[in-house]
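The values are calculated or read from the model by the stated rules, or taken from the named source; none is laboratory data. Remember, it's a predicted structure, so these values are computed and weren't measured experimentally. Every residue, glycine as well, gets a Cβ built from its backbone with ideal geometry; the counts of neighbours run over all protein chains shown. SASA here: full protein model, heavy atoms, side chains in, ligands and nucleic acids out. Shrake-Rupley method; radii C 1.70, N 1.55, O 1.52, S 1.80 Å.
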Amino acid sequence: MNDRTTKERILDAAEGLMLEKSFHSVGLNEILKAVKVPKGSFYHHFESKEQFGVEMLRHYVAESTAYKIRLLLPPNPEPDPLLRLLTYFESNIAKATESQGKCPCLVIKLASEVGTFSEPMRQVLAEGTREWTGVFERLLSEGLEKGSIAPHIRPALMAPVILDLWTGAMQRASTTRSVTPLREAIAFLRSVLMP
C-alpha cells in the first residue's frame, strides 16, 4: 500500500509540475522535493526518467479517459448526448480559466515535446487519443440513435475531428491566454452537430 501511495504521489506531483513547465525542464530533484521522498524511492519505482514519463502519461491518460466516460457516457446520463458533449467542453473552459489560460491537458502540453524523442511515450499518447476518440464516437452514435445529432454525421469520421478541433483550440487558447478559441470551437460544434 505504501509503495503504491508513494508512486501515485510522485506521478501526481510530476503531472502538476509538467503542466507548469515541461518534461525536460522538470528535474528529478524538483519532483522528489514536492513529494518529500528520497531519490532511492524514485528508482525503486522507475528505471529511468523516460520510463517514468511513460507511466506518468499512462496514469494521466487513464484518469482523463475515466473522467470523459463519467461525463459523456455515464450509467444514468442526461438524455441528450449533444448537451452532454457541449457541457463537457464548457467544463474544459472552466479548467482553462482556472489555469489562467495555460494548457490544462498534459497530453496536449507534452505531445510535441516528447513525441519526437521517446517512442514509448509517443505510443502512450497515441493510444490515449485513440481511447478519447472512441468515447466521442460512442457518444455521437448514441446521439444519432436518439435524434439529437444531425443525421448526416458519421461518428467514426467526426470523432477524431472533434478531438483535433478541441486540441487545436486548446493550443491557441494557451498561446493567446484567452478562452475565446474554446468558445468558438463549441459554437462550431453546435452548428455542425445539431439536427
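Check VAL54, VAL124, VAL61, VAL114 and return the single one that is at pLDDT below 85, closer than 16 Å to GLU15 by Cα and of a type in the set (Val, Ile, Thr).
On inspection, the qualifying residue turns out to be VAL114.
Tell me, which helices (runs of 4 or more DSSP H) lie completely within segment 1-50 with 2 or more residues that are open to solvent by less than 20 Å² (accessible area, probe 1.4 Å)?
Qualifying helices (runs of 4 or more DSSP H): 2-20, 28-35.
Hey, THR87 hits all of (1) touching a Leu at 6+ places or on another chain (Cβ under 8 Å); (2) of a type in the set (Ser, Thr, Tyr); (3) farther than 18 Å from ILE108 by Cα; (4) open to solvent by less than 40 Å² (accessible area, probe 1.4 Å) but one; which does it fall short on?
(4)
Name the residue that is surrounded by the most Cβ atoms within 10 Å (Cβ to Cβ), counting only residues in segment 176-195 that are more than 18 Å from the chain's Cα centre (by Cα) and among the β-branched types (Val, Ile, Thr).
The selected residue is VAL192.
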